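Take a look at the structure set out below.
The values are calculated or read from the model by the stated rules, or taken from the named source; none is laboratory data. Predicted model only: the values in this text are computed from it and were never measured. So basically every Cβ, Gly included, is an ideal-geometry build from the backbone, and we count neighbours across all protein chains shown. Surface accessibility is based on the protein's heavy atoms, side chains included, excluding ligands, DNA and RNA. Shrake-Rupley method; radii C 1.70, N 1.55, O 1.52, S 1.80 Å.
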Amino acid sequence: MKKIKEFLNNFNKKTLKRSLLFSLIVMLLIITIAAFDLTQARYETATEVRIEPDLAFFIVDVESQTGQIKLESMLPSTTPYLYTFNVSNFKDTKKANVDLKYSIEIITTTNMPLNYKVYKGTNTNSNKVSNDYFVTDDNGMYYRHLVIDDVSYFNYNQRQTDVYTLWVEYPIEYKAYPKEYAGIIDLVDIKINAEQVV
């Protein structure tokens, strides 16, 4: 009987130690996997969400109009951010009474290392930006000017809308510098200049 008690005491201690060690390893493994999945899910959510503010310009007369897109909460990605803006020759019941032509100017701040393209309609093979250069204002602030040489036309006897896509790339290589660009915002001013066709 003494030998059985001694065996059970030794067996329980060894089993208890093994069980505790095994349980600890399993818990650490579960915590590690859960933390990795949570981090991965946060990153994927942030990179897959595309904020697409739609700007609408209504040119019913000879005029200039400016709209602004605020680029914020962006992360470096292989997938570009897409923003749409429309230009129409009517609004509700009001319509242009003359043939109009319009041009587009785009000026951006230079807070983030972004690349830009502009597409008209569904044609993503033809970037409308013909020139891209930097300018400074009187205070020494740098701005980026995207030149779009195309001039578009609206006939006064038709209700027309042109749809554009502003393609913005935040190159993936900047993922290595998360602190330098965290919380930074870039502004994009889109200006439509309408003139009467003579």
TODO: Quickly rank 76-89, 145-158, 174-187 as a protection proxy: mean count of other C-beta atoms within 10 Å, highest first.
DONE: 76-89, 145-158, 174-187
Task: Accessible area of region 101-198 belonging to carbon and sulfur atoms, whole % at 1.4 Å probe - done: 46
